[in-house]
Amino acid sequence: MSETPKQNSYDVVIVGGAMMGSSTAWFLTENPDFDGSVLVVERDPTYATASTTHTNSCMRQQFSTEINVRVSQFAAEFVKDFHNRIGLESAPKLGIRSFGYMYLADTEDFAETLRESIAVQHAAGAATKLMTPEEIKRDYPFYTVDDIVLGSINTVDEGFWDGTAVFDGWRRSAKARGVEYLSNEVVAMTKNAQGTRIKSVTLKSGEVIACGKLVNASGPRAARTAAMAGIDIPVEPRKRYSWVFAAEKPLDRDLPLTIDPSGVHCRENGGGTYQCGGHTDDDPAVAFDDFSMDHDFWQDHVWPILATRIPQFEAIKVTSEWAGHYAYNILDHNAITGAHPEIGNFFFLNGFSGHGLQQSPAMGRGTAELLTYGEYRTLDLSPFDYQRIARNEPLIEKAVI
Ligand SMILES: Cc1cc2nc3c(=O)[nH]c(=O)nc-3n(C[C@H](O)[C@H](O)[C@H](O)COP(=O)(O)OP(=O)(O)OC[C@H]3O[C@@H](n4cnc5c(N)ncnc54)[C@H](O)[C@@H]3O)c2cc1C
């Protein structure tokens, strides 16, 4: 059911109230130099199709671009200090289950990419280490490593964290501090006569709301939202499958989030259960409401790969499964942020390509700074600026899962 906004004008209108929209709203309320009004418009407050509610909820520092390493390092800092920062007595104390991500390379080319990436990661202060197949077998005897050339893993601040608790904390705290969350949908925008500013958004229920600044935090629907302002961005909904299974004989130690060379990945989920994910080689853009499962893909592709890599996973039982959507940046698999160069009050928070949950603290903080001061004050997120898209100058992230 659509709600009616309390005002007809807001300093900041955020389109999309999931992880990115809520992070930005909350960081605005944290900033003593921001005293404007904030409206978060969310088309589905159950978040049934949002990426945020379908996630694997892991963080890593194993990226190929330095800025992505630093973005995740802030996530670790934020999550570990969440209770103190969020400003809610009832908020839980959080940690990171640092089982690490284990990248397995089966070719010399892939191994070389891991070596190049580790140099970037070390320069940013990450604790990643390379492992020979013998070292992998010594520390994780359950793997088959006959085909493996090299592995890389980081067990410091890399693994599972409770993204749901952070999402919930941001929303509750932002609302308590005066941010208005509206169940409604932005369906159109108007610009000034020069076409240099967004003047207003039109809601599905018909109201027209004036806005000072607009943030596009609409996940897989980001291109549709940008198109309302006449802007083209290369973001598509891509389907990603997840399965949780119980193993008849659980492993005797934590399973790192293992990225098999095939792209299938699997991690520790606690209590003798594991979470696994993957996508088909044919990876088209899908309809916004297409969450159908592909059972043959599991049966004929994913499970055989798992059982080959970890023979103990021959005897397992799937206990739950779902499909979710990445907001996939088809140009370079990286975030798109910052203001539009011509429409100066339109801000992007788009294209996170499967690593947006862990990026949400740094992205929300940075966007709140940009909205308040017109510049980044902590971590410089300008490598992700929309301008690179307009100039067709990709900032390629190679470590996409
Ligand atoms: C299977 C899977 C596993 C993942 N695993 C990880 C992981 O381990 N680590 C990690 O960091 N990231 C992971 N991700 C990615 C991460 O979940 C996303 O990058 C992140 O949640 C993006 O948040 P968002 O707020 O940008 O988008 P979303 O969560 O999709 O939210 C966008 C919101 O905008 C709303 N909206 C859209 N259009 C409108 C409109 N016109 N008007 C009003 N509201 C609108 C939508 O209803 C939605 O609630 C995973 C994603 C998937 C699908």
State yes or no: is THR144 modelled with pLDDT of 95 or more, of a type in the set (Ser, Thr, Tyr), assigned to a loop (DSSP other than H, G, I, E, B) and at negative phi? yes
Mind checking which residues of segment 49-72 are more than 10 Å from the ligand (Cβ to nearest atom) and not in a helix (DSSP H, G or I)? GLN61, GLN62, PHE63, SER64, THR65
Can you tell me how many residues in segment 18-48 are in a loop (DSSP other than H, G, I, E, B) and near the ligand (Cβ under 6 Å from one of its atoms)? 4
Going by the conditions given, is ILE336 among the hydrophobic types (A, V, I, L, M, F, W, C), assigned by TED's automatic domain parsing to the domain that holds TYR386 and within 19 Å of the chain's Cα centre (by Cα)? yes
Where residues in segment 149-206 are assigned to a strand (DSSP E or B) and more than 24 Å from PHE347 (Cβ to Cβ), which of them is farthest from the ligand (Cβ to nearest atom)? LEU150
What about SER98, is it more than 12 Å from the ligand (Cβ to nearest atom), within 25 Å of PHE160 (Cβ to Cβ) and modelled with pLDDT under 95? no
Candidate set from segment 155-166 (those that are of a type outside the set (Gly, Ala, Ser) and crowded, with 23+ Cβ neighbours inside 10 Å); member that is farthest from PHE99 (Cα to Cα): VAL166
Of residues in segment 345-366 being of a type in the set (S, T, N, Q) and within 11 Å of the ligand (Cβ to nearest atom), the one nearest to GLU66 (Cα to Cα): GLN359
Restricting to segment 339-395, and then to whatever is surrounded by fewer than 19 Cβ atoms within 10 Å (Cβ to Cβ) and among the hydrophobic types (A, V, I, L, M, F, W, C), can you tell me which residue is nearest to PHE74 (Cα to Cα)? LEU379
Members of segment 88-108 found to be surrounded by fewer than 16 Cβ atoms within 10 Å (Cβ to Cβ) and more than 22 Å from the chain's Cα centre (by Cα), listed by number: LEU88, GLU89, SER90, THR107, GLU108
If I ask for residues that are away from the ligand (no atom under 11 Å from the Cβ) and either at positive phi or buried (at least 17 other Cβ atoms within 10 Å of the Cβ) (or both), which ones from segment 215-249 would you list? ALA229, GLY230, ILE231, ILE233, PRO234, GLU236, PHE245, ALA247
The condition from (1) over 25 Å from CYS276 (Cβ atoms); (2) part of a strand (DSSP E or B) that ASP109 misses is numbered (2)
Could you tell me how many of the residues in segment 369-387 are without any contact (Cβ under 8 Å) to a residue 40 or more places away in the chain and part of a helix (DSSP H, G or I)? 1
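The values are calculated or read from the model by the stated rules, or taken from the named source; none is laboratory data. None of these values were measured; they are calculated from a predicted model. Because the Cβ atoms are built from the backbone with ideal geometry, glycine has one as well, and the counts that use them run over all protein chains shown.
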